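Student: Below is one structure. I have some questions about it.
The values are calculated or read from the model by the stated rules, or taken from the named source; none is laboratory data. Keep in mind it's a predicted model, so treat the numbers as computed, not measured. Heads up, the Cβs are rebuilt from the backbone with ideal geometry, glycines too, and the neighbour counts pull from every protein chain shown. What goes into the accessible areas is simple: the full protein's heavy atoms, side chains included, and nothing from ligands, DNA or RNA. Shrake-Rupley method; radii C 1.70, N 1.55, O 1.52, S 1.80 Å.
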Amino acid sequence: SHLAYVIYTSGSTGKPKGAVVSHRAIVNRLRWMQDRYRLKADDRVLQKTPSSFDVSVWEFFWPLIDGATLVLAKPGGHKDAAYLAKLIADEGITTAHFVPSMLEVFLLEPKARECASLRRVICSGEALSPALVAQFQRQLPCELHNLYGPTEAAVDVTSWECPREAEDAPSSRSSVPIGRPIWNTQMHVLDSGLQPVPPGTTGELYIAGVGLARGYLERPLLSAERFVANPYGEPGSRMYRTGDLARWREDGSLDFLGRADQQVKIRGLRIEPGEIESALLQHAQVAQAAVVAREDVPGEKRLVAYVVAAEGADPQAADLRTHLAQSLPEYMVPSAFVNVPALPLGPSGKLDRKALPAPELQAATPYVAP
């Protein structure tokens, strides 16, 4: 139960806090990972994640405790798709991790198709879209796994292998499940009264089990707020309140539905930007998409969509607006569309929403006199 490591995370509150993780928590995670993926002596694992991001913990230690080879990328290399493709091919990498935002960029790199040594790619850190899964499976023959977990619970707590079967093709899904709990972990989808919600119903996700952090370093009040008493476990046990929205599927796996605190309210209507992003990615000319609520003019909050065009495409705002209107209500259609060459990424490879440029203010339709 002694301290193994502390990793600081800003999460949604903006103020960094250090998650204190025990040996028991991370060893449970690593032993599950080996049982699930069976790393062998001829495996070569790519370590490219900065050590400030918790994925780096399993990248460092999993190959070393199971007799595989650890290959270190150069500093900053995790954001260079061309460098990563060459490194994977040259070094015969068999196992690599990508945040979905970076995986999209990586798959646009022509040399990514030459990474024939890959046996498995693991995604976590952001929601994985069905469109990205389909694109991955068109280009690479290896396994793709979708993992979910906060820093406060020893990296990952659920897993899902993206199937290739035609009858269960990812492109036919509205979302990619985050899967089922790993060893010694319990997942609860609860309402505001901490009561379980029925399958198919949205609730807040809580985590219990040996993977939980001891709390936040020297932040007792915040620890008490996020690590709450577990009414479904042994006396004295805790569960972590993730702030994420989820629902149980009929097959017993979980769907991730976004952050509870990323919902935006415009003109009195609650909107989940992730739903709009998913709809945009269904457009043939869109390779990547991000949707945010901006208030560039005080008192005028509006939805803005940022789009990276597919190769050789030039998506127009009018076409994208028409496309979204076919599946979304009018209030969820962004008022502005901005074409960008690439989505800005933060140090961990996740989307940096604060770095998205402000749109040019212009009327959506020409002025018509009274």
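Student: So what is the accessible area of the stretch 1-101 per residue, in Å², with the probe set to 1.4 Å?
Tutor: Using a 1.4 Å probe on heavy atoms only, each residue of the stretch 1-101 averages 43 Å².
Student: Something else now. Apply the a/c threshold of 1.5 to the C-alpha gyration tensor of the stretch 1-87 and tell me whether it is rounded, prolate or oblate.
Tutor: In terms of gyration-tensor shape, oblate.
Student: Let me ask something else. Report for the chain the percent antiparallel among DSSP-assigned beta bridges with both residues inside it, nearest 5.
Tutor: Percent antiparallel among DSSP bridges in the chain is about 75.
Student: Radius of gyration and Dmax for the stretch 56-154's Cα atoms, expressed in Å?
Tutor: For the stretch 56-154, the Cα-based Rg and Dmax read 13.2, 37 Å.
Student: For the stretch 1-101, what is the percent of antiparallel DSSP beta bridges, rounded to the nearest 5?
Tutor: Roughly 55 percent of the DSSP beta bridges within the stretch 1-101 come out antiparallel.
Student: What does the extension gain come out to for E114 and D35, with contour length at 0.36 nm per residue minus their alpha carbon separation?
Tutor: Difference between extended and current length: 25.6 nm.
Student: Which whole-Hz ³J(HN,Hα) couplings does the stretch 220-233 yield from phi under the Karplus relation 6.51 cos²θ - 1.76 cosθ + 1.60, θ = phi - 60°, glycine and proline marked x?
Tutor: Per-residue couplings from phi come out as x, 5, 5, 4, 5, 6, 9, 9, 9, 4, 9, x, 10, x Hz.
Student: What distance in nm separates the simple spin-label points at D42 and R321, each placed 7 Å from Cα in the Cβ direction?
Tutor: Placing both labels 7 Å beyond Cα along the Cβ direction yields 5.7 nm.
Student: Relative contact order for the chain using alpha-carbon pairs under 8 Å, separation at least 6, rounded to a whole percent?
Tutor: 12 percent
Student: When only alpha-carbon atoms are used, what values of Rg and Dmax, in angstrom, describe the chain?
Tutor: 21.1, 76
Student: So, one more: Among L351, P334, Q316, whose Cα lies farthest out toward the positive end of the dipole of the stretch 273-370, if unit charges sit on the beta carbon of Lys, Arg (+1) and Asp, Glu (-1)?
Tutor: L351
Student: Which value in Å is the Kirkwood Rh of the stretch 213-337 over different Cα pairs?
Tutor: 17.5 Å
Student: Starting from the Cα of A293, step 7 Å along the direction of its Cβ; do the same at D314; then give the gap between the two resulting points in nm.
Tutor: For the pair A293/D314, the computed spacing is 3.5 nm.
Student: Dipole magnitude of the stretch 211-330 about its Cα centre, charges +1 at Lys/Arg Cβ and -1 at Asp/Glu Cβ only, in debye to the nearest 20?
Tutor: Using Cβ point charges on Lys, Arg, Asp and Glu, the stretch 211-330 gives about 540 debye.
Student: Here's something else I'd like to know. If the viscosity is 0.890 mPa s and the temperature 25 °C, what Stokes-Einstein diffusion coefficient in µm²/s follows for the stretch 268-310 when Rh is the Kirkwood radius over Cα pairs?
Tutor: 218 µm²/s
Student: Still on this structure, please answer the following. Compute, for the stretch 1-101, the length of the dipole vector about the Cα centre, with Cβ point charges of +1 (Lys, Arg) and -1 (Asp, Glu) only. Units Debye, rounded to 20.
Tutor: 340 debye
Student: Which ³J(HN,Hα) values in Hz, rounded to whole numbers, follow from the phi angles of the stretch 330-347 under the Karplus curve 6.51 cos²θ - 1.76 cosθ + 1.60, where θ = phi - 60° and Gly and Pro get x?
Tutor: Whole-Hz 3J(HN,Hα) from phi for the stretch 330-347: 4, 6, 9, 7, x, 7, 9, 10, 10, 7, 10, x, 7, 7, x, 10, x, x.
Student: Among K48/K354; K17/K74; K15/K79; K15/K86; K15/K48; K111/K350, which pairs are too far apart, with a Cα-Cα distance over 32 Å?
Tutor: Beyond 32 Å: K15/K86.
Student: Which loop-located GluC sites (Glu not before Pro) does the stretch 291-331 contain, where loop means any DSSP state but H, G, I, E or B and the Cβ has at most 16 other Cβ atoms within 10 Å?
Tutor: Sparse-neighbourhood loop GluC sites (Glu not before Pro): E311.
Student: Have a look at L84, W58, Q47 and report the one farthest towards the positive end of the charge dipole of the stretch 33-87, computed about the Cα centre with Cβ charges (Lys/Arg +1, Asp/Glu -1).
Tutor: Going by the charge dipole, the pick is L84.
Student: Ignoring ligands, DNA and RNA, please state the percent of accessible area on the chain from carbon and sulfur, probe 1.4 Å.
Tutor: So the carbon and sulfur contribution to the accessible surface is 52 percent.
Student: Based solely on its DSSP helices, what 222 nm [θ] is calculated for the chain when runs of n ≥ 4 H residues each add -39,500 (n - 2.57) and the sum is averaged over all residues, nearest 500 deg cm²/dmol?
Tutor: Rounded to the nearest 500, the figure is -6500 deg cm²/dmol.
Student: Taking every eigenvalue of the Cα gyration tensor of the stretch 270-370, multiplying by 5 and rooting it, what semi-axes result, largest first, whole Å?
Tutor: 21, 17, 14
Student: Moving to a separate point now. For the charge dipole of the stretch 99-199, defined by +1 on Lys and Arg C-beta atoms and -1 on Asp and Glu C-beta atoms about the Cα centroid, which residue among S101, L140, P150 has the Cα displaced farthest towards the positive pole?
Tutor: So the residue we want is L140.
Student: Here's another thing I want to ask about it. Using a 1.4 angstrom probe and counting only protein chains, how large is the accessible area of S327 in Å², to 10?
Tutor: Rounded to the nearest 10, that gives 80 Å².
Student: Here's something else I'd like to know. Might you report the magnitude of the Cβ-based charge dipole of the chain about its Cα centre, with Lys and Arg at +1 and Asp and Glu at -1, to the nearest 20 debye?
Tutor: 780 debye
Student: Okay, next question. Between T69 and V228, 0.36 nm times their residue separation minus their Cα-Cα distance comes to what?
Tutor: 53.3 nm
Student: Can you pull the semi-axes for the stretch 78-131, root of five times each eigenvalue of the Cα gyration tensor, sorted largest first, whole Å?
Tutor: Over the Cα atoms of the stretch 78-131, the semi-axes work out to 18, 12, 10 Å.
Student: A further question follows. Restrict the search to the stretch 143-252; then list the GluC sites (Glu not before Pro) that DSSP places in a loop and that have at most 11 other Cβ atoms within 10 Å of their Cβ.
Tutor: E165, E218, E250
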